[in-house]
Amino acid sequence: MPLQRIYRGAEQPHDGLADLPAPPPWRAFDGGPALPTPEAAADPGAASAGHRAATFRPTPETVELVNAALHLRRPLLVTGPPGSGKSSLPYAVARELGLGPVLRWNITSRSALRDGLYQYDPLSRLYAANQAGPDGAGAGLEEHLRLGPLGTALLPYRRPRVLLIDEIDKGDLDLPNDLLHVLEDGQYEIDELVRAAPQLPEAEVLTADGLSRAPVRGGRVRCRAFPFTVLTSNAEREFPAAFLRRCVVLELRRPEGGELEEIVRSHLPSADHTLVAEILQVFLDRRAEGELATDQLLNAIYLTARPELADQADRAALAARVMPYLSRGRDDDDF
């Protein structure tokens, strides 16, 4: 019997989260004071995020493992080839369950845990203190702090926020282990506020999405509802066992013919059927020889739908040019 479906992969939003059972005893958190979830419409990128969410097509396995992560209050590690929908998944979950704007942390080789938790600008604070004079030297610390995406997601919201940690395998080798402890404990400290706690017991700190300020007491943040956290990976390296065993792991495969056509229809509902079939065949033929991503197919169909491209050979040639291989086999002459 399948798990109770909190996330259904449905096209229409619903309040399925109200039926979410209590967490396992070892994943219960009690942070406070409880905060309301920001409205998705307040996000400047709401239109783009809404399109990504509405056009995502989950597989039955995806639905099952998203629900496993929700039930267990564990991060979801999503691997798969380019264009398989890894980074669109959290937007679909946030839209369906009404969990507000997605908090996104794009990982690079220079990313460190603190970047995801918060940023502090000591130089701007020093300048402000000098401007204020001796009496204002200790004032306004919170004005020079801003929570990062991870730090914001771990605030004590009544309903879980959605956090996307994108391309974690691009980060430093120590980043997964550093993340492990924060995601396991559901809490962290802001060192500057901990030191200032005797004079500043509560600070109002700007959140990563810039939509509000949140109270932080004694410099410590602890979540209330564990965030629905998606970590994406292109499988470019292996992760430590201690990290993997604390995640629910989902491997997405590349979509095939019928699935690709459904994805195209969701993004470009008015596209001509003959044109879609033609460019889709070009895409599949080329993908047999090298790696291509689904968004390349969408770009090719959108571009070749222009009325001045009436000739089939011209359309096929243009489609091939805007779908360069992302990688090719080692036996290919162009490798």
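The values are calculated or read from the model by the stated rules, or taken from the named source; none is laboratory data. The shown structure was predicted, so the numbers you read here are calculated from the model rather than taken from an experiment. FYI the Cβ positions are ideal-geometry reconstructions off the backbone, even for glycines, and counts take in every protein chain you see. Accessible surface is based on the protein model in full, side chains and every heavy atom, while ligands, DNA and RNA are left aside. Shrake-Rupley method; radii C 1.70, N 1.55, O 1.52, S 1.80 Å.
Here the range 142-192 is treated as a sphere whose radius is the Kirkwood value from Cα pairs; by Stokes-Einstein at 4 °C and 1.567 mPa s it diffuses with a coefficient of 103 µm²/s.
In order along the range 186-202, the Karplus-derived 3J(HN,Hα) couplings, from 6.51 cos²θ - 1.76 cosθ + 1.60 at θ = phi - 60°, round to x, 7, 6, 10, 9, 3, 5, 7, 4, 5, 8, 4, x, 9, 9, x, 9 Hz, and Gly and Pro are given as x.
Taken about its Cα centre, the range 1-124 carries a charge dipole of about 360 debye when Lys and Arg each add +1 at the Cβ and Asp and Glu each add -1 at the Cβ. Label point of Glu259 set 7 angstrom out along Cα-Cβ; within the range 48-75, amide nitrogens under 19 Å from it belong to 52-68. The solvent-accessible area of Lys170, taken with every protein chain present and a 1.4 Å probe, is close to 90 Å². Translational diffusion coefficient of the range 9-75 (Stokes-Einstein, Kirkwood radius from Cα pairs, 25 °C, 0.890 mPa s): 168 µm²/s. As a calculated quantity, the FRET efficiency between Ala197 and Ala242 at R0 = 25 Å, using C-beta atoms, amounts to about 0.20. Pick out, from Phe56, His144, Ser84, the residue whose Cα sits farthest towards the positive end of the charge dipole of the chain, with +1 on the Cβ of Lys and Arg and -1 on the Cβ of Asp and Glu. Positive-end residue among those listed: His144.
Only alpha carbons enter this Debye calculation for the range 216-262, each as an equal point scatterer, and the log10 of I(q)/I(0) it gives at q = 0.15, 0.20, 0.21 Å⁻¹ is -0.70, -0.90, -0.93. Count Lys and Arg as plus one, Asp and Glu as minus one, and take only other residues whose Cβ is under 11 Å from that of Lys170; the net charge is then -3.
Based on Cα atoms of the chain, Rg over Rh with Rh as the Kirkwood radius reads 1.04.
Assuming charge only on the beta carbon of Lys and Arg (+1) and of Asp and Glu (-1), the dipole of the chain about its Cα centre is about 1000 debye to the nearest 20. In this entry, the range 1-48 is assigned a mean projected area of 5.8 nm², taken as a quarter of its C-alpha convex hull surface. Placing pseudo-labels 7 Å out from each Cα toward the beta carbon at Asp185 and Tyr325 gives an inter-label distance of 4.9 nm.
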